[in-house]
Amino acid sequence: RPYYEPSDRLTKEVSRMLTTPSEMRDFFQEGVYMAPEGTAHQVTDLIRALPTCVEADKIAANLRRENRQPTEEEAAVLDRADALRDVLIQVDVFDNLTDEESREGFVRPALVGTAERMSSMDRKSFAA
């Protein structure tokens, strides 16, 4: 049976359900590890940032539609969302993804296994 790529309409609908608060998002979020409050953890931070960012997007849309400046309360939400986004969109700036990785002498398990395999080989590189 041949399969076809989903239509743009379906892709947009699935994207909307996963990037806004919805039952679908809750379903996929169920069982995801949530780090304790105050602990840096990228996935947890993304999950916790969603309500603030969605609220800020609604405020920004209303401000554009009504062509007005934000109130102090609205400005605080917008500033908080901007601060969260600035932290969350950083790419390749995380030295360590977990507390364990920040400990002195930590080596990722996959790298330990690679080093062991390489030491037993005649070649010292995977290059041909």
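Would you say PRO36 is of a type outside the set (Phe, Trp, Tyr), assigned to a loop (DSSP other than H, G, I, E, B) and touching a Ser or Thr at 6+ places or on another chain (Cβ under 9 Å)? So PRO36 passes the test. With respect to being open to solvent by less than 80 Å² (accessible area, probe 1.4 Å) and touching a residue at least 40 places away in the same chain (Cβ under 8 Å), GLN29 falls outside the description. Residues that are open to solvent by 80 Å² or more (accessible area, probe 1.4 Å) and touching a helix residue (DSSP H, G or I) at 6+ places or on another chain (Cβ under 7 Å) were ranked within the range 36-61; the one that is modelled with the lowest pLDDT is LEU46. Taking the condition modelled with pLDDT of 90 or more, under 16 Å from the mean Cα position of the chain (by Cα) and hydrophobic (A, V, I, L, M, F, W, C), does ALA83 pass? So ALA83 fits the description; yes. Is it the case that some residue within the range 62-78 is among the aliphatic types (A, V, I, L, M) and open to solvent by 70 Å² or more (accessible area, probe 1.4 Å)? Within the range 62-78, none of the residues are among the aliphatic types (A, V, I, L, M) and open to solvent by 70 Å² or more (accessible area, probe 1.4 Å). Annotation: of all residues in the range 90-112 being modelled with pLDDT under 70 and open to solvent by 100 Å² or more (accessible area, probe 1.4 Å), the one that is nearest to HIS41 (Cα to Cα) is ASP95.
The values are calculated or read from the model by the stated rules, or taken from the named source; none is laboratory data. Here the structure is a predicted model, which is why all the values come from computation and not from measurement. No Cβ is skipped: glycine too gets one built from the backbone with ideal geometry, and neighbour counts run over all protein chains shown. For the accessible areas, the whole protein counts, side chains as well, though only heavy atoms, and no ligand, DNA or RNA atoms are used. Shrake-Rupley method; radii C 1.70, N 1.55, O 1.52, S 1.80 Å.
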